[in-house]
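Every number in this text was worked out from the coordinates using simple rules, so none of it is lab data. As the structure is a computational prediction, the values presented were derived from the model and not from experiment. When we count neighbours, we look across all protein chains shown, and the Cβ atoms used for this are built from the backbone with ideal geometry, even at glycine.
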Amino acid sequence: MNLLALVGWSGSGKTTLLVALLPLLRAAGLTVSTVKHAHHAFDLDRPGKDSYRHRAAGAAEVLVASGTRWALLHELAAGAETPDPVALAARLAPVDLVLAEGFKDAAVAKLEVHRPALGKPPLWPDRPEVLAVAADSPLPACPRPVLPLDDPRAVAAWILAALGNGALRQTAA
């Protein structure tokens, strides 16, 4: 499976870039799925709904299905680690590329989204798996390819090239 994590500090533009890349990669003929890391508790279900009641009663997984979509809710044990993006992507239907948003500490291929004006340090110096950086200003000290953050077509072209050379290939967990 091919997986690329878009990583960066909060407010750097990861989601904006990912959303801009999806139609470009689809137009290039790729099937693409996404995995999003959340730093906080979240719930896609609502109290009072049958599926919520199933989980509250102790179901380990609840699958909700309709004629337009289905969703699998999987409960983790209290205190469990966030699953690795490779393990999460392995649960998805096969696609050409999985884009993960977040997971900056995971050992997977990464594209860093960096805005120097945020005042946060770049991630690439301490993370060798950062293959390139999409930035909104020049980064003369960066030894990796620096892509224009405001040009999703250029970033998509880099992703397509990385797919072609196997740089985004991950081993299933």
| message | Which one, Pro138, Gly67, Leu3, is farthest towards the positive end of the dipole of the chain when Lys and Arg carry +1 and Asp and Glu -1 on their Cβ? | response | Gly67
| request: Could I have the simple spin-label model distance between Ala154 and Glu129, label points 7 Å from Cα toward Cβ, reported in nm to one decimal? | output: 2.7 nm
| Separation between the Lys49 and Ser66 pseudo-spin-labels, each 7 Å from Cα along Cα→Cβ, expressed in nm? | 0.8 nm
| Over what distance in Å are the Cα centres of segment 1-17 and segment 99-114 separated? | 6 Å
| field | Rounded to whole Hz, the Karplus (6.51, -1.76, 1.60) HN-Hα couplings of segment 89-96, x for glycine and proline | value | 5, 5, 7, 7, 5, x, 9, 6
| Which far-off residues, 5 or more places away or on another chain, put their amide H under 5 Å from the one on Leu147, with H placed in the peptide plane? | Val133, Ala134, Ala135
| For segment 137-148, 3J(HN,Hα) per residue [Karplus equation, 6.51 cos²θ - 1.76 cosθ + 1.60, θ = phi - 60°, Hz, x = Gly/Pro] | 7, x, 10, x, 8, 7, x, 9, x, 10, 9, x
| said: On C-alpha positions alone, give me the angle between the axis of helix 14-27 and the longest principal axis of the chain, in degrees, nearest 10. | reply: 90 degrees
| remark: Computed over the chain: longest principal axis from alpha-carbon atoms vs helix 152-164 long axis, angle to nearest 10 degrees, is 80 degrees
| message | Please report Rg (one decimal) and Dmax (integer) in Å for the Cα set of the chain. | response | 17.7, 56
| Two-site FRET efficiency, Asn165 against Leu139, from Cβ-Cβ distance with R₀ of 22 Å, rounded to 0.05 | 0.50
| task | Please give the peptides 58-66, 26-34 ranked by average Cβ packing (other Cβ atoms within 10 Å per residue), highest first, as a rough proxy for protection. | result | 26-34, 58-66
